[in-house]
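The values are calculated or read from the model by the stated rules, or taken from the named source; none is laboratory data. What you see is a predicted model; the values in this text were computed from it and never measured. FYI the Cβ positions are ideal-geometry reconstructions off the backbone, even for glycines, and counts take in every protein chain you see. To get the accessible areas, we keep the full protein, side chains included, count just its heavy atoms, and leave off ligands, DNA and RNA. Shrake-Rupley method; radii C 1.70, N 1.55, O 1.52, S 1.80 Å.
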Amino acid sequence: MSVRQVEVGGAEPYRITIGAGLLRDGGLLAQPLRGRHALVVSDANVAPLHASTVIDALRSARPDARIASHVMPAGEQEKTLSRFGDAVDALAALGATRDACVYALGGGVVGDLAGFAAACWMRGIDCVQLPTTLLAMVDSSVGGKTAVDLPQGKNLVGAFHPPIAVVADTGTLRTLPARELRAGLAEVVKYGAIVDASFLDWLAAHSDTLLGGDADALSEAIARSCTHKAAIVERDPFEHGERALLNFGHTFGHAIETAQDYGTLNHGEAVAVGMVLAARLSTALGLATDTDAMILQALLQRFGLPTALPAGLDPDVLLAHMRLDKKAQASGLRFVLWEGLGRARVVPDVPEEAVLGILRNA
Ligand code: NAD
Ligand code: GLY
């Protein structure tokens, strides 16, 4: 199978390399390592499966380097300031200098937390993202958003810190639980929903092969998703405008995750529900048709994703979380809504009553 490359341009350009077996490629992994200190950050699920591959590859390419590993507990509930402190402690124990490099090996939780540690250590050292979930390959490893959660809300403490390289070894997806693969497909669907209706058709036509873990289909989905994300973050790296479109479904989704204490639905599942609710809100405000919302919902259901609000969530509590969402502004709630398949836009000052109406009927 071929190796694909997607370039992310802008002030700090970098390359996304996608292919099977790339974690064994010491030359590729070590190429961005300027200094002599590397910290491989991973979690308790991923480390036993893939960390030794990375460390062996780095050691063979750079026998002069000090390479340490730091393993955090797995899960969204661990994306905390306290675990961030542990990662920074590991950099201190390594004696990492300003030319050190953090290798974030894992899903979006590891990527966001390790990326934030790299952003803060000595005011910023290099970070190579080595995503091992589909979600991280198509979204969180690209674009430089790094953060940890607070009990009050998702990703409330963080920094923009673009990686120096992204290496997505699609072979790691073979060990990924099916539920996590489906969660990644939610973010893949998002790109089609916001900017590329033809991608939605392609996803519908390839749903069985994607769910079956077909390497070629996954590689194509990852490359197309990364191409869309690269184009957007290149034009708007700090989310002053267009980048906000990438948050389609996330205002509802983050509120669900926070209300559930980051426990029940995972991020991709919460985003799937959030996209359906955002589509319905668009319909309720007269921006889009019911038919488009139904097409989106059907595709998400085909991928085995939830599309209904979990029972027991209080609409008023969800609304309170949305007020603290980073996308909200002093003037009121701001949502990414759409005008139909492939056509999203940011809508400010969405009336709270309209949002509550959607939540109460979800
Ligand atoms: P995750 O990192 O929790 O990974 C999901 C689960 O899969 C974990 O239990 C993990 O240990 C396990 N896992 C990972 N790779 C594996 C593999 N190859 N084999 C076996 N198990 C594996 O979750 P995620 O869905 O990857 O990421 C979600 C996070 O990403 C959220 O915190 C979200 O806020 C963040 N995110 C960030 C951005 C961004 O732009 N920075 C974008 C989207 C999402
Ligand atoms: N996942 C949203 C963003 O990167 O902007």
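Points to keep in mind about this one:
- Taking segment 136-238 as the region of interest, the helices (runs of 4 or more DSSP H) fully inside it that hold 3 or more residues being within 10 Å of ligand 1 (Cβ to nearest atom) and open to solvent by 10 Å² or more (accessible area, probe 1.4 Å) are 178-195.
- Checklist (1) surrounded by 21 or more Cβ atoms within 10 Å (Cβ to Cβ); (2) over 13 Å from Gly171 (Cα atoms) applied to Leu23, failing item: (2)
- Residues within segment 246-255 that are assigned to a helix (DSSP H, G or I) and within 12 Å of ligand 1 (Cβ to nearest atom), tallied: 5
- Selection status of Arg243, away from ligand 1 (no atom under 13 Å from the Cβ), among the basic types (Lys, Arg), crowded, with 17+ Cβ neighbours inside 10 Å and in a helix (DSSP H, G or I): no
- None of Ala272, Ala279, Ala293 is of a type in the set (A, V, I, L, M, F, W, C) and either touching a Gly at 6+ places or on another chain (Cβ under 8 Å) or over 26 Å from His206 (Cβ atoms) (or both) except Ala272.
- Condition met for Arg182 (free of Cβ contacts under 8 Å to residues at least 60 places away in the same chain and away from ligand 2 (no atom under 16 Å from the Cβ)): no
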